Amino acid sequence: MTKMTGAQAIIKCLQEEGVSTIFGFPGGAVIDLYDELLDSDIKHVLVRHEQGAVHAADGWARATGEVGVALLTSGPGATNGVTAIATAYMDSIPIVVLTGQVPTALIGNDAFQEVDIVGITRPCTKHNYLVNDPKDLVPTLREAFYLASTGRPGPVLIDLPKDVVASMVNFNKKKKIKMQTYQPHYDPHPGQVEKACKAIMAAKRPVLYIGGGVILSNAHRELTELAQKLNVPVTMTLMGLGGFPGTDPLSLGMLGMHGSYASNMAVAKSDLLIAVGARFDDRVTGRLDAFAPHAKIIHIDIDPTSISKNVKVDIPIVADCRSALRGMNAWFDNCDTFDPTASKKKHAPWLNEVNEWQEKHPLAYRDNGDVIKPQYVVQMINELTGGDAIITTEVGQNQMWAAQFYKFNEPRHLLTSGGLGTMGYGLPAAIGAKMAFPDKTVIDIAGDGSIQMNIQELATARQWGAKVKVAILNNNYLGMVRQWQELFYNRRYSATPMEITPDFVELARAYGAVGLRARTKDEVVPVIREALETDNVVIMDFAIEREEGVFPMVPAGKATTEMLLV
Amino acid sequence: MKHTLSVLLQNKPGALSRVTGLFSGRGFNIESLCVAETLDPKISCLTLVTRGEEQIIEQITKQLHKLIDVIKVSDISEGEFVEREMVLIRVKAEAATRAEVLRIIDIFRGKVVDVSPSSYAVEITGPESKIMAVIDILRPIGIKEIIRTGTIAMARAPKK
Ligand SMILES: Cc1ncc(C[n+]2csc(CCOP(=O)(O)OP(=O)(O)O)c2C)c(N)n1
Ligand SMILES: [Mg+2]
């Protein structure tokens, strides 16, 4: 056991967890910790807004699968981080957020820069702590990392009063963490696995519906094995993209509000829906009573609260997706009556039907001469990066076009705010991912509105050599809202035209980055090429068709088969 | 349907607010809530009465269980259980009604705990149905104030 200051102990705990990089912004309440950071080998990435720090930690976590870490000061520092904490919470992303707090003696006194951040973040963290007693500091940090990364992952916040960080604490050896009140359940019940497999054997029109859980549990290989072994088509939620290769013939792409025609039709006609790490979100199901009306439902999820929350499940499997899929693969491999060739044959008529839907209404858009179509931009980015870039997105049409037209073959390559839909997520998340993978191409597919929400992080990217590329699909509108107004509000464009937008090329230059612009279709490819070849942060400003829409679209509250098509 | 949940949770600051925050945040209703320490001072027991369809109760139970500070959740109304609530009622007791009030209280095995020239404060314990019955009977006489504890409940031991 060694004695050291709280600040030293925190740094040691981070090192113990293998943390190499943290994202943060200093202030009076965390100044001791910042002083200690200077002498440590942990890289601290100074952001320009605390929301950026937490999104960057989240981007790091999504890209690597490790716990991302952010450090914020008390009061406004902490509240600035809340949107990003909620973003991570909705998408089950493992991050640990350390916030400074006023000294314990002042808590509750409305002290300078005091805010009850534990109270504020209670509903948007997996768990949170106020460390009142120096002897709890080290155990709390260890527990926080454990909670963030196990079970259904999520953000954990630790509020650190200044005097606790400054006091002397004991640093003892780390023991295996066992919590009386928290025991995530990883292994599937063998009986349920067998039931599920038998239901699959009996099904004529099965569909795999996969979500972010497949990616969080690193189950993409097991999932791919199962789909291919059984010859079952796969549809993905926004969070599930990359959980199964997007270019595989069995991939139907995304389902739901802006899902592909084939995905939504397949679910509607299916007799067995195999949901893996997905949570039947309203953007996926549309009108609930019309969702998969003929299907028996198998649901694999590590979180029991996800099961039968929105849709009644016939065969629940509470388990880690990867363990459950392994169990199912093994069951089929050991089953005497299962014959992969026969299974392929049996599903052939169903796959034919699915293929017909795909051919009848593929993801499409109408060309318009010289005008740049956003879908074309995404397709070209896909092509010129070989489908292998890490793509982050902002929120709105840009996000949906990225999801539809970039073909993700690998997990952890699409980082996007799915659950909360946070505009301003893409740039800081891209910086987080780029810090983790400096050799990878990282591109934020952005909207002109969203990018302005955290544009200040261009300075962060420049300062830390995170040479991310930003592709702005610039329609000079808050486009997704405009699209709703066009379709459902009589084209009354209330507050969606962006009357003043900065010159993004000049803006890039002001930050010491490179700005490129494409005004016509034939300029798209050269601009992307140049951006990819430029050894700097680059903003690409694509002047796209202003009133382009995202299709297919299921109007809110309608059945997913009631799609508006191109 | 009415359900009585018994929840063991860590006796820590903020733990109770995680429970109540869950109910308000997800739109579940709380009919009554009673909390106090158990024999182990590190653990509190909370009795919560709520209403909802099976699927809602299932969600409530699972969501409660998911809270890191919660140790155990049981829906004790699923089996045999005893429930008790205590109520303090200040009831008008003027010359004409004093004897009547005492008679009623006696029938319900209540106790007078405070006396004034114009009122009695009485204490009554029992299941919610009994409390409601007392209230209904005393209402015409004139209830000035009423304080209820909410229900506490315990599963019956198996009879073998
Ligand atoms: C922080 C935040 N505020 C508001 C919204 C609501 N919203 C969703 S999409 C959108 C428009 C986004 O505009 P832009 O970034 O230009 O993207 P486009 O849809 O034009 O591609 C808005 C305002 C949101 N998702 N997030
Ligand atoms: Mg726009």
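The values are calculated or read from the model by the stated rules, or taken from the named source; none is laboratory data. What you see is a predicted model, and the numbers here were worked out from it, not measured in a lab. In this analysis, Cβ positions are derived from the backbone assuming ideal geometry, glycine residues included, and neighbour counts consider all displayed protein chains. Accessible surface is based on the protein model in full, side chains and every heavy atom, while ligands, DNA and RNA are left aside. Shrake-Rupley method; radii C 1.70, N 1.55, O 1.52, S 1.80 Å.
Details
- Taking the criterion of being without any contact (Cβ under 8 Å) to a residue 24 or more places away in the chain and either within 14 Å of chain A (Cβ to nearest Cβ) or part of a strand (DSSP E or B) (or both), the residues of segment B:69-113 that qualify are B:111, B:112.
- Strands (runs of 3 or more DSSP E) within segment A:193-310 that include 3 or more residues open to solvent by less than 10 Å² (accessible area, probe 1.4 Å): A:206-210, A:234-236, A:272-276, A:296-301
- Some residue of segment A:410-422 being without any contact (Cβ under 8 Å) to a residue 40 or more places away in the chain and either within 15 Å of ligand 2 (Cβ to nearest atom) or open to solvent by less than 10 Å² (accessible area, probe 1.4 Å) (or both): yes
- Of the residues making up segment A:519-539, none is within 11 Å of ligand 1 (Cβ to nearest atom), on the phi < 0 side of the Ramachandran plot and out of contact with any Leu (no Cβ under 6 Å at 6 or more places or on another chain).
- Count of residues meeting criterion [within 16 Å of ligand 2 (Cβ to nearest atom), within 30 Å of residue A:42 (Cβ to Cβ) and assigned to a loop (DSSP other than H, G, I, E, B)] in segment A:452-479: 2
- Scanning segment A:311-324 for residues that are open to solvent by 10 Å² or more (accessible area, probe 1.4 Å), part of a helix (DSSP H, G or I) and not charged (D, E, K, R) yields a single hit, A:323.
Residues checked against (1) at negative phi; (2) more than 14 Å from chain B (Cβ to nearest Cβ); (3) more than 13 Å from ligand 2 (Cβ to nearest atom); (4) touching a His at 6+ places or on another chain (Cβ under 6 Å):
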{"residue": "A:428", "(1), (2), (3), (4)": "yes, yes, yes, yes"}
{"residue": "A:433", "(1), (2), (3), (4)": "yes, yes, yes, no"}
{"residue": "A:481", "(1), (2), (3), (4)": "yes, yes, no, no"}
{"residue": "A:494", "(1), (2), (3), (4)": "yes, yes, yes, no"}
{"residue": "A:513", "(1), (2), (3), (4)": "yes, yes, yes, no"}
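- Restricting segment B:24-44 to residues that are within 14 Å of chain A (Cβ to nearest Cβ) and not β-branched (Val, Ile, Thr), the residue that is farthest from residue A:152 (Cα to Cα): B:40
- Candidate set from segment A:364-398 (those that are open to solvent by 30 Å² or more (accessible area, probe 1.4 Å) and either at positive phi or of a type in the set (Phe, Trp, Tyr) (or both)); member that is farthest from ligand 2 (Cβ to nearest atom): A:386
- Inside segment A:150-179, residues that are more than 14 Å from every other protein chain (Cβ to nearest Cβ), of a type outside the set (A, V, I, L, M, F, W, C) and not in a loop (DSSP other than H, G, I, E, B) make up a count of 3.
- Of all residues in segment A:114-149 being farther than 23 Å from residue A:5 by Cβ and among the small types (Gly, Ala, Ser), the one that is nearest to the other protein chains (Cβ to nearest Cβ): A:119
- Counted residues, segment A:180-192 - those being within 14 Å of chain B (Cβ to nearest Cβ), in a loop (DSSP other than H, G, I, E, B) and of a type in the set (Ser, Thr, Tyr): 1
- Residue A:112, sole failed condition from (1) in contact with an Asp or Glu (Cβ under 8 Å, 6 or more places away or on another chain); (2) open to solvent by 10 Å² or more (accessible area, probe 1.4 Å); (3) under 19 Å from residue A:30 (Cβ atoms): (1)
- For segment A:545-566, the set of residues classified as open to solvent by 10 Å² or more (accessible area, probe 1.4 Å) and among the aliphatic types (A, V, I, L, M) consists of A:556, A:563, A:564, A:565, A:566, listed by residue number.
- Within segment A:301-315, residues that are more than 7 Å from every other protein chain (Cβ to nearest Cβ) reach partners that are of a type in the set (Asp, Glu) and open to solvent by 10 Å² or more (accessible area, probe 1.4 Å) with beta carbons closer than 6 Å, at six or more positions or on different chains, in the pairs A:302/A:320; A:307/A:301.
- Just one of the listed residues (B:144, B:160, B:66, B:111) is in the same structural domain as residue B:30 (by TED's automatic domain parsing) and open to solvent by 40 Å² or more (accessible area, probe 1.4 Å), and it is B:66.
- A residue that is within 11 Å of chain A (Cβ to nearest Cβ) and assigned to a loop (DSSP other than H, G, I, E, B) occurs somewhere in segment B:51-68.
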